[in-house]
Amino acid sequence: MNPSASRIKVQPATESEGRKDYIRIQDFGFWYGAKKALDAISLDVPEQRVVAFIGPSGCGKSTLLRNLNRMNDLVDGIRHEGDIQIAGRSIYDPGIEVISLRRRVGMVFQKSNPFPKSIYDNVVYALRIMGVTDRAILDEACETSLRKAALWDEVKDRLNDSALGLSGGQMQRLCIARAIANRPEILLMDEPCSALDPIATGKIEELIHELKAQFTIVIVTHSMQQAARVSDRTAFFYLGKLIEYDTTEKIFMNPTQAQTEAYISGRFG
Amino acid sequence: MQRYFHDELRQLRDDLILMGERSLDMTRLALRAVEQGDDALALQVRGMDDRVDELEKRVDREIMRYLTLFGPMGSDVRLLLAARDIGHDLERIADEASVIAKRAMVISERGPLKDLLHVPQEGIIACEVLRLALDGFIEGDINKARLVLERDAEIDALNRKNYESLFGSVGDTTKVSASHVELIFISKALERIGDHSKNVSEQVIFILSGEDVRHAR
């Protein structure tokens, strides 16, 4: 099959009108050793929109997410084909520094992973690594990032307390603040709420809704309800293939593919 | 915690209110067209129906979207289920207003009718009851909703009086003109508007209390 023939285009929709595609994934295949994890994936992510990757375990959604900032480069025996472009430039371009790419493409993981440092030190950690020492700049970055992460009001009076004393939901928002402090263009979220209670989950989802005004967001989630609530577009993966990609409303109300319908209605497997 | 998607419930409520206000406007204007023999007004009413039809479809899309995407619970589920019925009833009210306008044009074509039977009074009460039903929904006032259930009987009684005053108890049709038959259709349309207003209020009671008062004797 001609790989380009498998490219799934989303019909023009009001949700993405006037927005250019910020991430372009083109005929992307990926292997862990001899095991093919992704098969000729092609999809575009519009800027300042939320795209959700859904599908059963092992479908390749996290693998694809981790390729967007080349996190998988750290795994032995991997290889890829095809291309991923961000803002019109291949992330595999020899002139691209991986460290710089990961600054532009921030990541929030399933399990919050604050450093055993103060709240303040966590937020400004990356800035200090980059050599920023001006206290005023660090203070400003700390407050701005915590505000954007909807955490400032809860921690402003205890910035020097250990981050490990925060609740699970607060820790996850701290990790989002830490990612934002780097001023990324894209935020990747890998099951960011799977360890949180419904109220903390609600706060993170509200935050995602706020953050999309500034960032392009890709989220992997096992919760179809979460994908439905937070995303503008949804991609359904199965066995390393992209089965369907469309507006979230279309995917959950009237999907084109029978496999998508079976998955979202709980009739899969 | 207020969530961003709760705005869509507000939009749904606003669209239902808009449908209700338009349906009430159409009913009032249609009745004026009957009383004044105003064909232009009747035509205007008929032209307003499409907008209400479109609103009904929009309301249905909003309900389906919310049910599918946002996992509603409790009173939100009741609102969404009731909204589907309320939208349908309001659209039917607009249809009945359109029927009244159409009958007004037929009467006007045959020349002015001096005796409008009890239709003007029935129209006033039908509009009052519809206003009460809409206020019950807008204000979340269960007492207004329950009052609609009682007042619907007033419209039913006037509809019966119209029929009886024309045909009498023995069914004498010799003095009945074609225009009077049109009036009976108008009276029946007003009686249906009362029924739809009652349906709306039954759904308002369901939204507010969870109580299902449909088909109560």
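The lysines within cross-link reach of A:Lys36, meaning a Cα-to-Cα straight distance under 21 Å and a gap of 8 or more places when in the same chain, are A:Lys61, A:Lys241.
Restricting to the protein assembly as shown, compute how many DSSP beta bridges are antiparallel as a %, nearest 5.
On the way: 25 of 42 bridges.
Of all bridge pairs located within the protein assembly as shown, approximately 60 percent are antiparallel.
The Rg/Rh ratio for the range B:22-105 is 1.16, where Rg is the radius of gyration of the alpha carbons and Rh is the Kirkwood radius. Size estimate for the range A:60-118 follows the Kirkwood approach: the inverse of mean 1/r over distinct Cα pairs works out to 13.0 Å.
The residues A:Met253, A:Met189, A:Met71, when put in order of fewest to most other Cβ atoms within 10 Å, stand as A:Met253, A:Met71, A:Met189. For chain A, the convex hull drawn through the C-alpha positions has a volume of 141 cubic angstrom per residue. The C-alpha atoms of chain B define a longest principal axis, and helix B:6-36 lies at about 10 degrees to it.
Computed over the range B:98-217, the alpha-carbon pair-distance distribution with 5 angstrom bins reads 2, 12, 20, 19, 15, 12, 9, 7, 4, 1, 0, each value a whole percent. In terms of surrounding Cβ atoms within a 10 Å radius of their Cβ, B:Leu149, A:Leu239 rank from fewest to most as A:Leu239, B:Leu149. Which stretch or stretches of the range B:119-154 have amide N atoms under 17 Å from the point lying 7 Å from B:Ser165's Cα along the Cα→Cβ direction? Backbone N within reach: B:119-127, B:154. Only beta bridges with both residues in chain A are counted; by DSSP, about 60 percent of them are antiparallel.
Candidate cross-link partners of A:Lys35 among the aspartates and glutamates, defined by an alpha-carbon separation under 13 Å and a same-chain spacing of 8 or more, comprise A:Asp76. Here, the range A:166-269 yields an orientationally averaged convex hull projection of 7.3 nm² when only Cα atoms define the hull. In whole percent, what relative contact order does the range A:214-269 give with Cα contacts below 8 Å and a gap of six or more residues? Relative contact order here is 23 percent. Under 5 Å between amide hydrogens, built in the peptide plane, is the criterion, and for A:Ile219 it picks out A:Val51, A:Ala52, A:Phe53, A:Met189 among residues at least 5 positions away or on other chains. Axis of helix B:119-139 versus longest Cα principal axis of chain B: the two differ by about 0°, to the nearest ten degrees. Beyond 14 Å, what share of the Cα-Cα pairs of the range B:104-151 remains, rounded to the nearest whole percent? Within the range B:104-151, distances greater than 14 Å cover 62 percent of Cα pairs. Only lysines eight or more places from A:Lys156 in sequence, or on another chain, were considered; those with a Cα closer than 27 Å are A:Lys111, A:Lys117, A:Lys148, A:Lys203, A:Lys212.
Amide H to amide H distances under 5 Å link A:Tyr32 with A:Ala37, where only residues 5 or more positions off or on other chains count and H is placed in the peptide plane.
Along the range B:195-209 the Karplus relation, 6.51 cos²θ - 1.76 cosθ + 1.60 evaluated at θ = phi - 60°, assigns HN-Hα couplings of 4, 5, 4, 4, 4, 4, 5, 4, 5, 5, 4, 5, 4, 7, 10 Hz to successive residues, with x for each Gly and Pro. Relative contact order for chain A: 26 percent, from Cα pairs under 8 Å spaced at least 6 residues apart, divided by residue count.
Within chain A, the whole DSSP H helices whose Cα atoms reach 15 Å or more along their own axis and whose mean Kyte-Doolittle score is at least 0.0 are A:168-181, A:198-211. A cut-off of 5 Å between modelled amide H atoms, ignoring neighbours fewer than 5 places along the same chain, links A:Tyr92 with A:Ile84. Taken one residue at a time, the phi angles of the range B:63-77 give Karplus couplings (6.51, -1.76, 1.60, θ = phi - 60°) of 5, 4, 4, 5, 4, 6, 9, 10, x, x, 9, x, 5, 5, 5 Hz. Gly and Pro are set to x.
Each reported figure results from applying straightforward, stated rules to the coordinates on display, with no laboratory input. In this text the structure is predicted, and so the values were computed from the model without any measurement. FYI the Cβ positions are ideal-geometry reconstructions off the backbone, even for glycines, and counts take in every protein chain you see.
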